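Structure first, commentary second.
Rule-based calculations on the coordinates, nothing more; no lab input. No experiment lies behind these values; they were computed from the predicted model shown. Neighbour counts run over all protein chains shown; Cβ positions are idealised from the backbone, glycine included.
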């Protein structure tokens, strides 16, 4: 059983979004980290890079796989979690604590297109 | 194999040398300006000649080649590498040739190889510049685009690739500036022709195919596929990685292919060298010949030393034996498949060509909460018995893919011994999967920690 | 069925195998091949030859190549190959192995690649090397793609016109198909023109600049201040180097380069009519995950033994597919072994001495040629190592042909109407004097 947190928004590509005012804190779900296995590297963008909703902004890497990360909302990166550079295993340890980027949203209404916890739970079929 | 621990740097001692050079008979010239010189000598090892020879000999003893034993690595065509090939490649009158020198003997080799490969494949002309299979693919796709551009047809940006294709196909297409469109396979492992029809339009530059495909299955509808792709103005690209079963029997040019590459290090017996040098000559049909002069993909004439070896191989076999290569390879593959399919899952029945794919064990020993043995475990256990492992987890269509290619140069005795070991491993898995999960037991190292290697990379020697 | 030395199958074996499969002959195994394609072409190739006949045929072909004393470089150098190298590289455990997919029985290959990577880093001063690429020209093309992949939303790369012609051609071919715009920076006064470079960088859309450490005229370029200029414009600096010369020249790291590439041929690999050679690439650590090709890393196995594995594979084509920076699969592994054994034998002193001999020989030759009065020096006073160009008073093509008839491969004609010469440690004083004599007699 994967952990799912109530009150967050979820994308079909297994990112979670926590809304803090105008900023979306983005990470990957517990389900996604389990699917990847031991994560060896988190490829993150630079601060000030801009992304459209659905655009890939980085990737998770394991020994034998690479999985793109997709930005659930449009906006500009205001912070990246630099801790992950030397400790990618933090995503395995607690995927909801190991946020990846913070994005200043350009269109908060895009959040409405994302799933809530119940819908995401149904999607992953657990 | 015995474990030997040292790196050459750890054999080093200041003051030792491993070279001899002539005395300097020239007047000493004024040196380079200081600003252009490095500050410190490079940290290269200082070792005597006998130590160098012993070190690398010991390293070689931790390695396994085709000469060491059976190497059923699917899609890699690990056949015997004839020794006369090495002799001709080392001839000083070839090895000492500068690439810009006029050299009628070397030029004749390239001409004769061009003719021979055209004859074998049914295409018109070959370029020998590509240095590997992936390099050939890239070159072929550049030629595909160049052909369309020469005709003012600038809108062709898509290339269709089957979902069973090797990862290099989409990667090469992307590097050549083409957008990859995947076409699905049917449950019988062949391209879904109906799905293909839906993808065809005036934006298609061409389609890349391997035939037999990566499952070792012949694409029976190839004629229709080629006609459909040609019908919308696209070109057919043949990935020659799997040419071995067809040599002398079936020609890609006759099947409707316009461009192809060959892997001389697979089909034409040149040694793989631990991952190169290879050679990936690209052949084209007559309308594309003018495109060959419009691109330059390597510095000189490609890997000439590899081409020499392949030419020797073709001469040794002659037309009669070239046509036997595929027959024996296909015979051996089908024989192994039939002898093992009761204990390893065969996802697609029927005759295969030079290789086939199992989808893991029938009985992997799993029960209750205890997981069973995987394809990785089977592969690792094989190493204990002196066999190289098959290709594993490729193609991606099956989760436990185990891809076996025996080639024509293995005897029935070797193949029977392999079958017996594979059956024994299947029994071990059913009884005690941990024996497999902890394998290999007899090799110099066992299951290195790849996660730590990737998380905290150590990529050069660190002097302690 | 006729027997052949490479096929172990006897008639009896074939019969038994067919029987087990349940078909009557091998053609039945091709029943799925449409009839119109199977055995329809009568092969026009010759009949099989015996090994002796093959050997004799190649001896005949070999004898057609004129035997010349090489005084030419232009990207392929006639350095000495110690006899240990072919001896070691022909060991079949190395020669006949595949890419080291099964690390437990490939520690030999993995270990020498790790040593190779360490040596390339020692020569370039950079942090990370891959396991090798095809050749110098394709390594430069890979560096071009890396620049574009590393700098977001920029797709222009500048090439110095001082790069070797074959390097420019290959990089430009790759760029044309990959959608990378190429700008050229001319050479003025013997080096890549800094003013022109500054002007070209001003457009603000440049992802990288590729500069020759030794340019096509053989001149060692002074790149003081270039790194600051290039990095200031947000681009990456790539240096194309001769790795043999790196034993004495200021390193790419000391120049401030982010990426170094070049051809490893000068490290003891025979000329062999252009290949197999090896392309090398080394980068600063921050770019290692964008680097193409195999990389070997050190780790421990489950019993704590030091072990080597292919690592950082998530960059590669078999995982990233169309999103990979490069489509390259294998490297030029055996040539990496070649170079590794060479550098082990030569060590820092030997490689320095190779450069000293080449340098003194080349400077002596240039002086003698100028004394003959038959040449002008287009770059007087400029620093060079083993290769240089002169402007001949006689027609360049005629000079080259004349020397060739006398047994020298020398005075290669360049696009600018110069002729180039190269001297390595293999050229004796007698050979150099004979070449000069021959030039004078024309």
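Odds and ends about this structure:
- Computed log₁₀ I(q)/I(0) - Debye formula, equal Cα scatterers, no solvent, the stretch B:324-451, q 0.16 Å⁻¹: -0.78
- Candidates A:15, A:83, A:35, ranked by Gaussian network fluctuation over chain A, Cα under 10 Å, top entry: A:35
- Taking only the Cα atoms of the stretch C:84-340, the ratio Rg/Rh comes out at 0.97, with Rh defined as the Kirkwood radius.
- Relative to the longest principal axis of the Cα atoms of chain C, helix C:333-371 runs at roughly 30 degrees.
- Residue-normalised convex hull volume from the C-alpha trace of chain B: 210 Å³ per residue.
- Percent of Cα pairs exceeding the 32 Å cut-off, where the set is chain C: 49 percent
- For the stretch C:285-339 versus the stretch A:1-47, the gap between their alpha-carbon centres in whole angstrom: 28 Å
- Computed over the stretch A:54-120: relative contact order in percent, which uses C-alpha pairs under 8 Å that are six or more apart: 30 percent
- Note that the stretch C:352-442 carries a Kirkwood radius of 13.1 Å, evaluated over its alpha carbons pair by pair.
- Grouping the Cα pair distances of the stretch B:49-98 into 10 Å bins from zero gives a pair-distance distribution of 19, 27, 41, 13 percent in increasing distance order.
- Bridge type composition, the stretch C:84-340 - antiparallel percent by DSSP, nearest 5: 45 percent
- The Cα center of the stretch B:304-329 and the Cα center of the stretch C:120-187 differ in position by 36 Å.
- Sorted largest first, the spans of the alpha carbon positions of the stretch B:83-317 along the three principal axes are 56, 38, 29 Å.
- Mean per-residue shielding of peptide B:183-195 is 0, counting Cβ atoms of other chains within 10 Å of each Cβ.
- Classified by the C-alpha gyration tensor, the stretch C:11-52 has an oblate form. Its axis ratio a/c, with a ≥ b ≥ c, is 1.5 or above, and a/b does not exceed b/c.
- Spatial extent of the stretch A:26-126: Rg and Dmax, with the Cα atoms as the point set, Å: 13.5, 37
- Across peptide B:242-249, the mean count of Cβ atoms from other chains lying within 10 Å of each residue's own Cβ comes to 3.
- The distance between label points at residue B:40 and residue C:16 comes to 6.4 nm (points 7 Å beyond Cα on the Cα→Cβ vector).
- Within 10 Å of the Cβ of each residue in B:126-136, the mean number of Cβ atoms contributed by other protein chains is 4.
- Residue ranges B:418-428, C:384-394, C:196-206 sort as C:384-394, B:418-428, C:196-206 when ordered by packing (mean number of other C-beta atoms within 10 Å per residue, highest first).
- Per residue, the average separation of C-alpha pairs within less than 8 Å and at least 6 apart gives chain B a relative contact order of 19 percent.
- Principal-axis tilt of helix C:107-124 within chain C, Cα atoms, nearest 10 degrees: 10 degrees
- The Cα center of the stretch A:67-91 and the Cα center of the stretch C:1-76 differ in position by 55 Å.
- For the stretch B:8-60, the mean projected area of the C-alpha convex hull, equal to one quarter of the hull surface, is 5.6 nm².
- From most to least packed by mean Cβ count within 10 Å, the peptides B:358-367, C:224-233 give B:358-367, C:224-233.
- Under the criterion of Cα pairs below 8 Å and six or more residues apart, the relative contact order for chain C equals 19 percent.
- Highest mean packing comes first when the peptides C:307-314, C:237-244, C:296-303 are listed by Cβ atoms within 10 Å, giving C:237-244, C:307-314, C:296-303.
- Per residue, the convex hull volume that the Cα atoms of the protein assembly as shown enclose (Å³): 167 Å³
- For the stretch B:21-159, the fraction of alpha-carbon pairs in successive 10 Å shells from zero, as %: 7, 16, 25, 24, 18, 9, 1
- Selected from C:332, C:104, C:19 as most flexible by GNM, with chain C as the system and alpha-carbon contacts under 10 Å: C:19
- Against the main long axis of the alpha-carbon atoms of chain C, helix C:11-21 sits at an angle near 80°.
- Sorting the Cα pairs of the stretch C:336-389 by distance into bins of 10 Å, from 0 upward, gives 22, 38, 22, 16, 2 percent per bin.
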